[in-house]
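Notes for the one structure printed next.
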Amino acid sequence: MPKAKKPCIARRVDPARTLTSAEISRRWRERNPERVKELAKKYYLSHGVKEYRRRWRQANPEATLDAARRYRERHPDRTKEAQRKYRERHPERVKEQTRLNYEKHGEKRRTDAKRLYHEDAAYRERQLDRHRQRKYGLSRADFEALVSQQSGCCAACHSPFTQTPHVDHDHGTGAIRALLCYGCNIAVGVCNENPEQLRAAADYIEGCLVLRKGAA
């Protein structure tokens, strides 16, 4: 007995715009995102894609790094979000990776940082800005405002700054007091912020100057 033919279902085609197969596929994917994920997962597992990619990365390390770099440049926000989620899921792994990386490259990084600090003025300023922000909560704009308030002079000796000013702060409360030059900042620290000790040192210097004048 001959098989019955299936009824022919006529496809409706828009005469004004015939959709390409790519457009039909794209619309189907948009309507069925979960189905797309399921099919992709099955294909990934059944065709050994993971193993293939692993072997390719091992055989092409430079191309792998270059592709990762281009992806980060194209998708900075997506990369940051992925890194944040990874750190939250694997805190111990991140800690161990950081430790191993520091052991492997720590000496070179310290050497490069010291060289850049002395040779690159822009790098030095960025590092100082980060230090002041982290230690004192002082932004670059706040720091420049303090310099302007002090007319570019040390709050202790009133000499014009010839180097980057140092932030003087209360070690008990952490409150910022003023900006000092390098010499005054060292003197205050060595004397343990003790006014009597500083006055005694001043009296000693004055006595030495008197003896010098008498000998002359």
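Just to be sure I understand, if you calculate log10 I(q)/I(0) by the Debye sum over Cα atoms at q = 0.08, 0.10, 0.15 Å⁻¹ for this structure, which of (1) -0.67, -0.84, -1.27; (2) -0.51, -0.70, -1.09; (3) -0.83, -0.99, -1.09 do you get?
Matching the structure shown: (1).
Which ³J(HN,Hα) values, rounded to whole Hz and listed in residue order, are derived for the stretch 194-206 from phi using the Karplus coefficients 6.51, -1.76 and 1.60 in 6.51 cos²θ - 1.76 cosθ + 1.60 with θ = phi - 60°, glycine and proline given as x?
Once rounded to whole Hz, the list reads 9, x, 5, 5, 5, 5, 4, 5, 5, 4, 5, 5, 5.
Please compute the contact order of the stretch 154-215 in relative form: average sequence separation of alpha-carbon pairs under 8 Å and at least six residues apart, divided by the residue count, as a percent. Walk me through the numbers before you get to the answer.
On the way: 46 pairs, mean separation 14.3, N = 62.
So the answer I get is 23 percent.
Count the lysine pairs in the stretch 79-132 whose Cα atoms sit under 23 Å apart, keeping only pairs 8 or more residues apart in sequence or on different chains.
Values: Lys80/Lys95; Lys85/Lys95; Lys95/Lys104; Lys95/Lys108; Lys104/Lys114.
Eligible lysine pairs with Cα atoms under 23 Å apart amount to 5.
With the Cα gyration tensor of the stretch 72-133 in hand, give its eigenvalues times 5 under a square root as the equivalent ellipsoid semi-axes, listed largest first in whole angstrom.
Details: eigenvalues 145, 66, 27 Å².
After scaling each eigenvalue by five and taking roots: 27, 18, 12 Å.
With only Lys, Arg, Asp and Glu charged, each at its Cβ (+1 for the first two, -1 for the last two), find how big the charge dipole of the chain is about the Cα centre; round to the nearest 20 debye. Spell out each step's value before the answer.
Details: 49 positive and 29 negative charges, 613 e Å.
Taking the Cα centre of the chain as origin, the dipole is about 2940 debye.
If you average the sequence gap of Cα pairs under 8 Å that are 6 or more apart and divide by the length of the chain, what percent do you get for the contact order?
On the way: 77 pairs, mean separation 14.2, N = 216.
Computed over the chain, the figure is 7 percent.
Take the alpha carbon atoms of the stretch 179-197, find their center, do the same for the stretch 50-84, and report the distance between the two centers in whole angstrom.
The stretch 179-197 and the stretch 50-84 have Cα centres spaced 52 Å from each other.
Using Cα pairs under 8 angstrom and six or more residues apart, how large is the relative contact order of the stretch 89-201, in percent?
Numbers: 71 pairs, mean separation 14.9, N = 113.
Averaging sequence separation for qualifying contacts and normalising by length gives 13 percent for the stretch 89-201.
In degrees between 0 and 90, to the nearest 10, how far off the longest principal axis of the chain does helix 91-119 point, with axes built from Cα atoms?
Once rounded, one gets 50 degrees.
In degrees between 0 and 90, to the nearest 10, how far off the longest principal axis of the chain does helix 140-149 point, with axes built from Cα atoms?
The angle comes out near 20 degrees.
Just from its helices, what would the mean residue ellipticity at 222 nm be for the chain, if runs of 4 or more DSSP H residues each count -39500 (n - 2.57) and the sum is divided by every residue, rounded to the nearest 500 deg cm²/dmol? Could the numbers behind the result be given before it?
Values: 10 runs with 149 residues, N = 216.
Calculated mean residue ellipticity at 222 nm is -22500 deg cm²/dmol.
State the extension gain, in nm to one decimal, for the chain segment bounded by Arg212 and Arg110, taking 0.36 nm per residue of separation less the distance between their alpha-carbons.
Working: separation 102, 0.36 × 102 = 36.72 nm, distance 4.67 nm.
Extending this stretch completely gives an extra 32.1 nm.
Every number here is computed from the coordinates shown, using simple stated rules; none is lab data. Since we're looking at a predicted model, the values are computed, not measured. In this analysis, Cβ positions are derived from the backbone assuming ideal geometry, glycine residues included, and neighbour counts consider all displayed protein chains.
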